[in-house]
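The values are calculated or read from the model by the stated rules, or taken from the named source; none is laboratory data. The shown structure was predicted, so the numbers you read here are calculated from the model rather than taken from an experiment. Because the Cβ atoms are built from the backbone with ideal geometry, glycine has one as well, and the counts that use them run over all protein chains shown.
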Amino acid sequence: MTAAGVGDRPAVVADGPVVADVSPAARAAGLRPGMRVQGARRLLPGLAVVPRDEIDPLAALEPLYEALLGVSPRVEPAVDRMAAFCELDARQTVDGVVAVLQAAGLARYGDRLVLGIGQGRLVARMAARVAARSRAAAARGRGGAGRGGTGRSAAGPETAGRRSGRGADAETDAGRSLAVVSCRVPPGQEAAFLAPMPVAALQEEVAPAARRQLQRLGLMTLGDVAAAPRQVVARAVGDLAPLLQAWCRGDDRRPLVPGFPPPGVTAVLAAPPELADDLRAGWWSAQLPRLAQEVAARLAAAGRAGRLAVLQGERARASRHLPAAVAGADVLTRAALDLYRRLLRDEPAPARLALTVTALEPAVRQLSLADPVQEDRPVLLDELARRYPGRIFWGRERPVSRRERQLAYWDPWRGAPGGAGP
């Protein structure tokens, strides 16, 4: 856990009145997640408390994702779970992956790293779950966390714990160490590994109501789901039943979607070559609004907004995480000028600058009275009926557009089951 302005001070992340995460310095002082913020302040009067809402998860995870690029060129961020999926080469070993991550200096940002390695998204996620729980069990049993040693469970996954931060790494990290725990599922043992996992672990695959329905049907583990008749599983998840049963058997072919570095909108501008270095600072201050306006126009054309602004020079780079997704030229101009002042420390006279807005999401748009809301409602209801068969019922009349009512006047069977639909 890191936060701007906190530095090496003991710090905690607060989720309301409860401590959600602690920095290495706070952990060394005896603070733990789950305790009350008021009690933590009494133990450490100089404690820095950072509310969870003020932390940009992408900014917090960016060092991890950059380190993972040294392991695999394909990284899919999972920001909501503070994790990522990577596509590894078959020749890569657990020790090789751990060595790359330790060399990236991740000990500066935290003291815990959990790795789950296996074929497919579900197996990898469950392997990380096993590794995290084995670390917690080791901490309860020995008072430590993942200090050396390897083990093997009955299903065959290889679990291991390592701790870095010794020798040269310990000096650069100011004595901090990184505890790494991992679990690797060998090829061919995916089904046996997944079989005892509880159905409640299918958080990414099925909705909470579907998981409860599976349990009511007597399917308590992933092995039960894989072995049950398809008609029984379909009572809970509908058309997803064959895919879910394949995933529970370890046959998970869902593709990885690379998302780091995240896609962005970029505008580039070069200074005139005849302009002297001592005159470029004033020239760039006048031209950066033009660069921001070009980026804003491209964002508006794409209907997107971004939360990360990056100003890239020839030798230096400055970035700033914005408090909210923005696409306006005024906000981007202020951010670009602030980034340029920071960039001048490392590159006083850049000949070329590129302004990029990334971490994109759909832009928030004010609704208008002229928006065709009535035209979109039947499409939405049809989609709901398709996703939840037998659970969507119409009232007196199915909502349709004026055009459909006119067509139904000439074709009374339009929209009936088996007939022409809207």
*Within region 324-356, can you find the residues that are among the acidic types (D, E), farther than 15 Å from A270 by Cα and in contact (Cβ under 8 Å) with a residue 12 or more places away in the chain?*
D338, D346
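Matching residues to (1) surrounded by fewer than 14 Cβ atoms within 10 Å (Cβ to Cβ); (2) modelled with pLDDT of 80 or more:
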| site | (1), (2) |
| --- | --- |
| Q38 | yes, yes |
| P45 | yes, yes |
| R52 | yes, no |
| D56 | no, no |
| A59 | no, no |
| P63 | no, yes |
| A67 | no, yes |
| V71 | no, yes |
| R74 | no, yes |
*Of all residues making up region 29-49, the number that are assigned to a helix (DSSP H, G or I) and either touching a strand residue (DSSP E or B) at 6+ places or on another chain (Cβ under 8 Å) or touching a residue at least 12 places away in the same chain (Cβ under 8 Å) (or both)*: 5
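Conditions tested, residue by residue: (1) among the polar types (S, T, N, Q); (2) free of Cβ contacts under 8 Å to residues at least 40 places away in the same chain; (3) not assigned by TED's automatic domain parsing to the domain that holds V114.
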site: V199; (1), (2), (3): no, yes, yes
site: A207; (1), (2), (3): no, yes, yes
site: Q213; (1), (2), (3): yes, yes, yes
site: L217; (1), (2), (3): no, yes, yes
site: M220; (1), (2), (3): no, yes, yes
site: G223; (1), (2), (3): no, yes, yes
site: V233; (1), (2), (3): no, yes, yes
site: G238; (1), (2), (3): no, no, yes
*What is the residue count in region 269-299 for residues that are touching a residue at least 40 places away in the same chain (Cβ under 8 Å), out of contact with any helix residue (DSSP H, G or I) (no Cβ under 8 Å at 6 or more places or on another chain) and loosely packed, with under 15 Cβ neighbours inside 10 Å?*
5
*asked:* So in region 313-343, with the set limited to residues that are crowded, with 16+ Cβ neighbours inside 10 Å and in a loop (DSSP other than H, G, I, E, B), which one is farthest from the chain's Cα centre (by Cα)?
replied: G313
_Failed item, numbered, when G415 is tested on (1) at pLDDT 70 or above; (2) surrounded by 13 or more Cβ atoms within 10 Å (Cβ to Cβ); (3) not aliphatic (A, V, I, L, M)_ = (1)
